[in-house]
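A quick write-up on the structure given underneath.
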Amino acid sequence: MTEKETDLQESMAPAVSPEGNAAPEGAGAPEHDADYAREHWKIRSFVRREGRITPSQEKALTELFPVYGIGYSEDTVLDFSTLFGNANDVVLEIGFGMGSSILEMAEKAPELNFLGIEVHRPGVGVCLREMKKRGIENLRVMSDDAVDIMTHMIPDGSLSRIQLFFPDPWQKKKHHKRRIVQPSFIALAAQKLRSGGILHLATDWESYAEEMLEVIGASGEFVNLAADGRFIEPRPDRPVTKFEQRGIRLGHVIHDLMYRRV
């Protein structure tokens, strides 16, 4: 099997979550984060099942993560102007999978800065390799718990956009508590977005889409940008991901939700 075939096989493996999120731990989080921790103690919205990591992915992690990656530190608040060397708007994508979507967006929008979070190390390795190959300089990656990163490392009101595309739906009802789109996560997202910032979500699971509508609508922090107050048409600036392609093959309907921070 070639490296590309291995990358594809790993990216399509259903056991691996496409998102990089979990309940926060530790003291010092805002009140709503403490609520999230109490409600979801030891409950994670992702599973670290990496499978085989190829030599080129491991090499990329070893050689390129120190260049394009950011390690997690509870005591460090990121300075985006210093990190990217400019004052451009910052887009956060949670769970970029193998990186195809965020790489394409970063390449097409050099006037924006992108920060991607993904816990699946083979995916991070592929993304780093492609960043180097394509010469993409407006993208940085992290490979830790997204809620922890948002809580401790991302300044309040610093993001122009948060993207959450095809998070793990945790299909079984008893596992719905593991879904990342919970009231406290939405409150945290609102805290990190600037006024007028955009929250863009996509899922191919009907029940999850309806739950997203309910949770975000109840928050009072966002205005739904869909004409009918529900779902927008798929955006041309959102590249089709491998998880989306799989959903389409299974006959699922794709739901895009877009909100503006009040």
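The values are calculated or read from the model by the stated rules, or taken from the named source; none is laboratory data. These numbers were taken from a predicted model, which means no experiment stands behind them. Note: ideal-geometry Cβ built from the backbone for every residue, glycine included; neighbour counts use all protein chains shown.
Each row is one residue, and each column tells you yes or no for (1) surrounded by fewer than 24 Cβ atoms within 10 Å (Cβ to Cβ); (2) within 14 Å of the chain's Cα centre (by Cα).
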{"residue": "LEU112", "(1), (2)": "yes, no"}
{"residue": "GLY125", "(1), (2)": "no, no"}
{"residue": "ALA146", "(1), (2)": "no, yes"}
{"residue": "LEU164", "(1), (2)": "no, yes"}
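Can you name the condition, by its number, that GLY251 falls short on among (1) surrounded by 13 or more Cβ atoms within 10 Å (Cβ to Cβ); (2) more than 24 Å from MET105 (Cβ to Cβ)?
(1)
Please find, within region 236-262, the residue that is farthest from the chain's Cα centre (by Cα) out of those that are of a type in the set (Asp, Glu) and not in a strand (DSSP E or B). Let's see the steps before the verdict.
First, the residues of region 236-262 that are of a type in the set (Asp, Glu): 237, 244, 256.
Retained after the next criterion (residues that are not in a strand (DSSP E or B)): 237, 244.
On the way: ASP237: 16, GLU244: 14 Å.
Here the residue is ASP237.
Kindly provide the set of residues from region 211-248 that are of a type in the set (A, V, I, L, M, F, W, C) and crowded, with 17+ Cβ neighbours inside 10 Å, ordered by number.
Within region 211-248, the subset of a type in the set (A, V, I, L, M, F, W, C) is 212-213, 215-216, 218, 222-223, 225-227, 231-232, 240, 243, 248.
Of everything in region 211-248, those that are of a type in the set (A, V, I, L, M, F, W, C) and crowded, with 17+ Cβ neighbours inside 10 Å turn out to be MET212, LEU213, ILE216, PHE222, PHE231, ILE232, PHE243.
Restricting region 89-125 to residues that are in contact with a Phe, Trp or Tyr (Cβ under 8 Å, 6 or more places away or on another chain) and among the β-branched types (Val, Ile, Thr), which is modelled with the lowest pLDDT?
Step by step, filter region 89-125, then rank; the result is VAL119.
Yes/no per residue for (1) within 22 Å of GLN245 (Cα to Cα); (2) assigned to a loop (DSSP other than H, G, I, E, B); (3) polar (S, T, N, Q); (4) touching a residue at least 24 places away in the same chain (Cβ under 8 Å):
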position: GLY196; (1), (2), (3), (4): no, no, no, yes
position: HIS200; (1), (2), (3), (4): yes, no, no, yes
position: TYR208; (1), (2), (3), (4): yes, no, no, yes
position: GLU214; (1), (2), (3), (4): no, no, no, no
position: GLY217; (1), (2), (3), (4): no, no, no, no
position: VAL223; (1), (2), (3), (4): no, no, no, yes
position: ASP228; (1), (2), (3), (4): no, yes, no, no
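I need a count of the residues in region 138-168 that are touching a residue at least 60 places away in the same chain (Cβ under 8 Å), over 12 Å from ILE180 (Cβ atoms), outside any strand (DSSP E or B) and not acidic (Asp, Glu).
8
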